[in-house]
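To start, the structure itself, in structure tokens.
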Amino acid sequence: MSQLTSREIRLKSRPDGEPTPQNFELASTEYSSPAPGMVQVRNHWMSVDPYMRGRMYDRPSYVPPFVVGEALQGHAIGEVIASGDPDFAVGDIVTHMLGWREVAQGPKALFTKVDTHGIPLQAFLGVMGMPGMTAYCGFLEICAPKAGETIFVSGAAGAVGSLVCQIAKLKGCKVVASCGSDEKAAWLKSVGVDEVVNYKKASSLLKAVQSAAPQGIDMYFDNVGGEHLEVALEVARVGARFAECGMISQYNATSPTPGPKNLMYVVGKSLKIQGFIVSNYAHLQGRFLAEMGGWIKSGDIKWEETVMNGIAQAPAAFIGLFSGANAGKMLVKLA
Ligand code: NDP
């Protein structure tokens, strides 16, 4: 049986606050040819995503915690290089959750074949993958937009936020966005966002959003939590809908963070605030792929990528998410 060496990133220790390179280790593992029912894949691209920070805590959640000493997991896309199952042929392109490693091997049920229709492979980790589906379902199902309404999007230049902004424009909404650099703001403007606030430069985030949306907001798509959520509550119009997608400003907190001091507006303004996990909307995947694929082909949706090269860069790519090192989807190119 031929042996194949693969490098992978393991969780060395659980981060306390901001993750550091010392929380990760690069290690090698050996694979034999896949046994019957098993598939072996060379990963071309892997994704790093903010939710992975939650899996680094040892606490119950909607996905189990990562295990110290074991390879991390996450979305990846690659090419079958050996197969022990007739359903998978060498050369098939597959997505799966065995990222953070150069080669993935496991039972065939872990792998999903992808017909790329000429779309670049890495898009299936971003605009055509989990972040795209998050933006599509969270915005359309929870915000339930109507043409002419105003939405505020935080984390707007990232993988999810940048797509929410553009889908909102396609639905005829006014989009007010917040992000952490002037370059990101300029890109958002270039794809049609009406007003952009650089929250790192604004002397008052509240005043900046009030001036960008003088009539208030009908919808808020929250990727950030904290002060952004408080501002959204302040400027919300009666009956506004909030899609609570993520709260990245709190993922590295070492003690409980205070809630918004103006939460009482939920009552007085009759707000609908709904959290969600993208998997709640698994039944909408076919509709998402068809509609997003169409928008990509027509040029209605654009996206950015920040690419780091090689498995050894995966921890830096992940850590960079918390300082805004990425514009658009943060990716690691493996092959
Ligand atoms: P991004 O591509 O947006 O990357 C993270 C970005 O967050 C950074 O680039 C940075 O941008 C911003 N950021 C980091 N720290 C802070 C902070 N303290 N305050 C404000 N902004 C910060 O990530 P994703 O698009 O993949 O994810 C966006 C959000 O959606 C996350 O909260 C994530 O957990 C959530 N999510 C939820 C899902 C669900 O099923 N509910 C599924 C997928 C994602 P900047 O330069 O603008 O600061």
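The values are calculated or read from the model by the stated rules, or taken from the named source; none is laboratory data. These numbers come from a predicted model, not from an experiment. As a convention, Cβ positions derive from the backbone with ideal geometry for all residues, glycine included, and neighbour counts pool all protein chains shown. Remember, those area values only see protein heavy atoms, side chains included, never the ligands or the DNA or RNA. Shrake-Rupley method; radii C 1.70, N 1.55, O 1.52, S 1.80 Å.
Data overview
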| quantity | calculated |
| --- | --- |
| Among residues of the stretch 281-323, those that are open to solvent by 30 Å² or more (accessible area, probe 1.4 Å), of a type outside the set (S, T, N, Q) and within 16 Å of the ligand (Cβ to nearest atom), counted | 11 |
| Among residues of the stretch 50-79, those that are surrounded by 13 or more Cβ atoms within 10 Å (Cβ to Cβ), modelled with pLDDT of 95 or more and assigned to a loop (DSSP other than H, G, I, E, B), counted | 10 |
| Count of residues meeting criterion [touching an Asp or Glu at 6+ places or on another chain (Cβ under 9 Å) and farther than 16 Å from GLY180 by Cα] in the stretch 230-257 | 13 |
| Helices (runs of 4 or more DSSP H) contained in the stretch 108-226 and holding at least 2 residues of a type in the set (D, E, K, R) and open to solvent by 10 Å² or more (accessible area, probe 1.4 Å) | 182-190 |
| Residues within the stretch 233-250 that are open to solvent by less than 60 Å² (accessible area, probe 1.4 Å) and touching a Phe, Trp or Tyr at 6+ places or on another chain (Cβ under 9 Å), tallied | 11 |
| Any hit, the stretch 259-272, residues being more than 8 Å from the ligand (Cβ to nearest atom), assigned to a strand (DSSP E or B) and either at pLDDT 95 or above or of a type in the set (Gly, Ala, Ser) (or both) | yes |
| Test result for ARG7, under 26 Å from THR306 (Cβ atoms), open to solvent by 70 Å² or more (accessible area, probe 1.4 Å) and not in a helix (DSSP H, G or I) | yes |
